[in-house]
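What follows is a set of notes on a single structure, which appears directly below.
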Amino acid sequence: MFLVAGVIALALGFVLGGKVSNLTRVEFRGFPYIIASLGVRLVAVLLTGKMPPSVPLCAGTHVISYGLLLYGLYLNFAIPEFRVIALGSFLNFLVIVVNGGRMPVLAQAIDPLDPSNAVLFSNVSLTHKIMDSSTRLLFLCDIFKFSFLQRTPKAFSLGDALMAAGLIPFIVRGMKGRFSSTGPHGTMDN
């Protein structure tokens, strides 16, 4: 979903007269924290099927990953899009924490033709699990299905949608050269 959001943002940026080269001039703080957060998530994905998904392991992975991500985003709160991305990230973190360290996902949103494939995935995933009767905050779980420009649908949450909604205008305005880096938490030119 975020890859598609990025492609849409780049296309919009071009249509509105922006340049990709302007993105290299956008300075935001905390980039190493955001990259480290993605690294932690990547490790969790790579360990899927190699380690059993225990609550301490899954919750710990998400606490570290989201802690790094939210701190990196906080350092840029003067940029409104980062506040939207942070809100989406926090909503995802909240639903993960109250559900034992993994994001609950609707089985039909992963594989509408054979939900049993989703159940098999859930038994080994360190990041996701299938929703059941004990799932809390259902409206924040991965209950939506996204299949635009993809062969198989991807499940996403309200938090994911908010993050994409922040990412698109951030990239477009960055391409148009409308950001500067003065101030303690980044700034934005209008």
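Yes or no: segment 129-146 includes at least one residue that is modelled with pLDDT under 85 and part of a loop (DSSP other than H, G, I, E, B).
No.
Just give me the residues in segment 6-23 being under 9 Å from Ile171 (Cβ atoms) and of a type outside the set (A, V, I, L, M), in sequence order.
Selection gives Gly6, Gly13, Gly18.
Can you go through Arg41, Arg83 and tell me which one is over 15 Å from Leu126 (Cβ atoms), part of a helix (DSSP H, G or I) and basic (Lys, Arg)?
Criteria check complete, one pass: Arg83.
I want to confirm something. Restricting to segment 65-78 and keeping residues that are touching a residue at least 40 places away in the same chain (Cβ under 8 Å) and not aromatic (Phe, Trp, Tyr), which single residue is surrounded by the most Cβ atoms within 10 Å (Cβ to Cβ)?
The residue in question is Leu73.
Please go through segment 126-146 and pick out each residue that is in contact with a helix residue (DSSP H, G or I) (Cβ under 7 Å, 6 or more places away or on another chain), surrounded by fewer than 18 Cβ atoms within 10 Å (Cβ to Cβ) and more than 13 Å from Ser157 (Cβ to Cβ).
Matches in segment 126-146: Arg136 only.
Has segment 50-61 got at least one residue that is modelled with pLDDT of 90 or more and crowded, with 20+ Cβ neighbours inside 10 Å?
yes
What number of residues within segment 29-64 satisfy the criterion of being among the basic types (Lys, Arg) and in contact (Cβ under 8 Å) with a residue 60 or more places away in the chain?
We begin by selecting, within segment 29-64, every residue among the basic types (Lys, Arg); these are 29, 41, 50.
If we keep only those that are in contact (Cβ under 8 Å) with a residue 60 or more places away in the chain too, we end up with 29, 41.
Residues that pass the stated criteria total 2.
The values are calculated or read from the model by the stated rules, or taken from the named source; none is laboratory data. From a predicted model like this one, the values you see are computed outputs, not experimental measurements. Positions of Cβ are backbone-derived with ideal geometry, glycine not excepted, and every protein chain shown enters the neighbour counts.
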